[in-house]
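Report on the structure given below.
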Amino acid sequence: MELNRRNFIKFLVGGAAGIQLTPLPWKLTDDIAIWTQNWPWVPVPPVGEFIHEKSICTLCPGGCGIEVRKVDDRAVKIEGRTDYPVNPGGICPVGMGGLQLQYNESIRFTRPMKRVGPRGSGVFIDISWDEALTMLAGRISGLREKAMPEALAAVDGNPARSTLSLMIERLVKAVGSPNYVRIPCAEDTYEMANFLMQGTLGPMAYDLENADYVLSFGSGLLEGWGAPGRVINAWGLWHENPAKKRVKIVQVESRASSTASKADRWIAAKPGTEAALALGLCHVIIKDGLYDSEFVNECSFGFDDFSSAGGKDRAGFKTMVLKKYSPAKVAEITGVASDDIVSLARDFAGAKAPVAICGKGKGSLSGSLYEFMAVNSLNAITGRINKPGGILVHEPIPLSSLPEIDFDDIASQGLEKPRFDAAGSTKYPFSNSLINNLAAAINRSPESPVDTLLVFAANPVHTLPDGGAFRKALKKIPFIVSFSPFRDETAYMADLILPDHTYLEKTDDIVWPAGLQYPLFGLSLPVLEPVYNTRNAADVILKLAKQIGNSVESAFPWKRFEEVLKERAKGLYSSGAGLVDYDGTNPVWKRLKEGTGPGPDYASFEEMWKKIVSGGLWYRLEHTYKNWDNLFETPSGKFEFFSSKIELAVNAYAEQAGIDWALRDMGLAGKGDDVFMPHYEETASDADRSTFPLMMLPFEIINLTSTWVPNPPFLNKALFDTQLRGDESFVEINPETAAKYNVGQGDRIIIKSPEGEVRVRANLFEGAMPGVLFMPLGFGHSAYDEFSKGKGVNPNDIIHAGKDPLSGYPVWWNTPVKIIKV
């Protein structure tokens, strides 16, 4: 089979004619491995012994198991592991191409460097590790000597529960700064919705493999959502026997993505109206009496009307939904026919094990809080909380906490100062981090409040949907340090480069892969010796803390990162449960459905740790299903349709200047009791819609990375010439919309928003919703190598960013634009 664009795409998603996926054998990786070795910057390995080493891919939060084939000491191929439960043999295209990120000097930093050219030029000179660490330690110590520790900030793109993220946050706090900021993603919104409705802090856990009806609100199941190897494998399971098909898949999305095209049913709702659609489905289910009365009547709060402690009558979820979200009203909001809303609701409620999921695209961008709450409500009214095939509710994975920090006076005083991003304040009470607010705070200040910025595993200059606001902010920060192994756009803005190892060269952990329905702790292991003079960022933090000295040094008593990982793993052993062996013969999702699993397969902590290091994982099979009486940790002790925490937070903020002011300042258009429940908030924009009559929506595809990780060059062969032709990328336009502006196939046009403009070519696509322009994320780099630099445009550059109500997360789905013909 020839490896051309069309055949590769057919292999990825099953083909345009509806070919169904199997559990991802990825046969073509042999051809890819051979082809990639022919590039001049990829040396051909000598003849030698074949070796296979196992690890875990950390290029995304999915944490898929990988096996690396080596010839002597050189890696030549990456495959999926069959003895790892997350992705039984499967691996996504980016994971397959990881070796091209390993050996490509055009995209990697090879040693510590400091800037000598203009900021953003990427002109650096080599320095030693000792010089680099001395420079940074002196800078941070100087801030503490000036009693300005809060002027240190860090941006972290590592997975939230990882040990490396804990160490980065620990370093910033030990210095005395509250300004630890994360790159936003869908998991942040999941966590907030779970906390407000369930009172739990565990991750969202979808039991997809045991579901018989999957209703996806924009989740790119075939675009890399969750753990890509796991989800695409599940897609294969759902279609194993087409003659006796048991699983129905419905995709809600405004564009005919691969997932939408291959789903059993595609519901094209207007962008940003998913919450209204979910509530419209709830309306039908409630009106028809199809809801789970046991769960609703005995285990939920706020479904029916009630009286508050002061005797005030309160409207419940049922009243709100029946009054405001009829199929006719929702049809006006979403563009979905009322008959389709009714039939979809009845189909969902009539399935034996349905589940509704959300988190658009790959889940790499944050979502709408009220949308996530609305989808969670749909699962709740049908009794799909903590049941096989539904949403499973867990406690956080039982890793040990790191010891408390003994803060000195300087650190204590710095930590008492407000965060620059206002996360956790009375205005944003449920947010832990708001990077969009950080950029705004810097840009509106005469001088940057941040003196020194540390950037880990993140490229916010390119990936943030902010119209270039973060790039502008970086220009004002006096000193920037990048720990990226890659020559990305944010690293080019840095003054100091302290390059991390790649994921194949270092030890790291994966704490509960995104969306997985059971607790799993994975350990990625170095399968290669470092190619260049780089260091594990975690070990650099330990070294840096010692050079800063005093209480910062005492906060890091470990000599090596592996000691920190081992200390956290003691909590796994103390939990008295869990397994560390998996042979792949009996999938975990099947065994989990039984509810009880075998006891630990180790007798001591040392034995457990040795096996984790050898096999790379710990996971737990035991789960108590249903358990609704003891499951929820909300103020009411029940699942809350009416969130007590939101009511308390809004009322507390209203004490400053009244409830109307509070709602307006928190970005809420809703009124009355609606605010405390899932409801539809129309995405607001201050743009003149007569000037910008269209909307632009970015989207993600599986064979193009849209995070901080560069795209493996071989994936360029997987792009159609209606996605990238030469150096020009395309925007998808419905032919009806194109005709209004006299735009033909392949025409060069300008897409202009209030934030700027980009030049693209037009791809007339019937699967694009009229009035909406769709642009792929992942193009438009000004860094990396010839295969990425200057290829296409980045839609983030023109996004007219707003804020999601209540959460404060950046809004990326409502940018108003217009077309200008070239």
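The values are calculated or read from the model by the stated rules, or taken from the named source; none is laboratory data. Predicted model only: the values in this text are computed from it and were never measured. We place every Cβ from the backbone using ideal geometry, glycine too, and count neighbours over all the protein chains shown. To get the accessible areas, we keep the full protein, side chains included, count just its heavy atoms, and leave off ligands, DNA and RNA. Shrake-Rupley method; radii C 1.70, N 1.55, O 1.52, S 1.80 Å.
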> How do TRP225, TRP609 rank by accessible surface area computed with a 1.4 Å probe, from largest to smallest?
Replying inline: TRP609, TRP225
> How much length is gained on full extension from LEU648 to ALA243, taking 0.36 nm per residue of separation minus their Cα-Cα distance?
Replying inline: 140.5 nm
> Using the eigenvalues of the Cα gyration tensor, what equivalent ellipsoid semi-axes result for the range 462-566 when each is taken as the square root of five times the eigenvalue, whole Å, largest first?
Replying inline: 26, 21, 16
>> Could you tell me the calculated FRET efficiency between ASP339 and ASP406, based on Cβ-Cβ distance and R0 = 51 angstrom, to the nearest 0.05?
In response: 0.20
> Looking at the range 185-235, which GluC sites (Glu not before Pro) are in a loop (DSSP not H, G, I, E or B) and have at most 14 other Cβ atoms within 10 Å?
Replying inline: none
> So how do 331-343, 307-319, 160-172 stack up, highest first, on mean other-Cβ count within 10 Å?
Replying inline: 160-172, 331-343, 307-319
> What does the convex hull of the alpha-carbon atoms of the range 202-329 project to on average, in nm²?
Replying inline: 10.6 nm²
>> Can you give me the distance in nm between label points at TRP129 and GLU298, each placed 7 Å from the Cα along the Cα-to-Cβ direction?
In response: 6.1 nm
> In what order, largest first, do THR259, THR426, THR722, THR463 sit by accessible area if the probe radius is 1.4 Å?
Replying inline: THR426, THR722, THR463, THR259
> Accessible area per residue of the range 316-434 at 1.4 Å probe, in Å²?
Replying inline: 37 Å²
> So what are the three principal axis dimensions of the range 332-437 from its Cα atoms, in whole Å, longest to shortest?
Replying inline: 64, 36, 25
> Each label point is 7 Å from the Cα along the Cα-to-Cβ direction; what then is the distance between the points at ASP688 and GLU332, in nm?
Replying inline: 2.8 nm
>> Within 14 Å, Cβ to Cβ, of ASP583, how many net charges do the neighbouring residues add up to if Lys/Arg are +1 and Asp/Glu are -1?
In response: +2
> How much FRET efficiency would the formula 1/(1 + (r/R0)^6) give for ARG560 and VAL613, where r is the Cβ-Cβ distance and R0 is 22 Å, rounded to 0.05?
Replying inline: 0.95
> Along each of its three principal axes, how wide is the spread of alpha-carbon positions in the range 123-250, in whole angstrom units, largest first?
Replying inline: 71, 40, 22
>> Let me check I have the definition right: for the range 199-274, take the eigenvalues of the Cα gyration tensor, multiply each by 5, take square roots. What are those semi-axes in whole Å, largest first?
In response: 19, 18, 12
>> Per residue, how big is the convex hull of the range 749-822 when only Cα atoms are used? Give it in Å³.
In response: 124 Å³
>> Out of the total accessible area of the chain (probe 1.4 Å, heavy atoms of protein only), what percent is carbon and sulfur?
In response: 50 percent
>> I need the P(r) histogram for the range 376-415: all alpha carbon pairs, bin width 10 Å from 0 out to the longest distance, whole percents.
In response: 23, 22, 17, 17, 20, 2
> Tell me, what is the FRET efficiency for ASP305 and GLN413 to the nearest 0.05, using R0 = 56 angstrom and their Cβ-Cβ distance as r?
Replying inline: 0.70
> Top to bottom by accessible area (1.4 Å), largest first, where do ILE820, ILE646 land?
Replying inline: ILE820, ILE646
> When all C-alpha to C-alpha distances in the range 55-137 are sorted into bins of 10 Å, what percent of pairs does each bin hold, rounded to whole numbers?
Replying inline: 15, 32, 22, 23, 7
>> Above 16 Å lies some portion of the pair distances; for the range 50-101, what is it as a whole percent of all C-alpha pairs?
In response: 33 percent
> How much length, in nm to one decimal, is gained on full extension between ASP601 and ALA147, taken as 0.36 nm per residue of separation minus their Cα-Cα distance?
Replying inline: 158.3 nm
> What nm value, rounded to one decimal, do you get for the distance between ASP264 and GLU49 when each label is placed 7 Å out toward the C-beta?
Replying inline: 5.2 nm
>> Working only with C-alpha atoms, what are the Rg and Dmax values of the range 670-822, expressed in angstrom?
In response: 16.8, 55
> At 4 °C and 1.567 mPa s, what whole-number value in µm²/s does Stokes-Einstein give for the translational diffusion of the chain, with Rh from the Kirkwood sum over Cα pairs?
Replying inline: 47 µm²/s
> Taking a point 7 angstrom from the Cα of GLN547 along the C-beta vector, which residues in the range 105-134 have backbone N less than 18 Å away?
Replying inline: 110-116, 125-134
>> Quick check on the chain: helices-only [θ] at 222 nm, where DSSP H runs of length 4 and up contribute -39,500 (n - 2.57) each and the sum goes over total residues. Nearest 500, please.
In response: -8500 deg cm²/dmol
> So what are the range 710-751's ellipsoid semi-axes, whole angstrom, largest first, if each one is the square root of 5 times an eigenvalue of the alpha-carbon gyration tensor?
Replying inline: 26, 9, 8
> What pairs in LYS173/LYS543; LYS362/LYS566; LYS387/LYS570 have C-alpha atoms more than 20 Å from each other?
Replying inline: LYS362/LYS566; LYS387/LYS570
>> Run the numbers for LEU525 and GLN745: contour at 0.36 nm per residue of separation, minus the present Cα-Cα distance, in nm.
In response: 74.4 nm
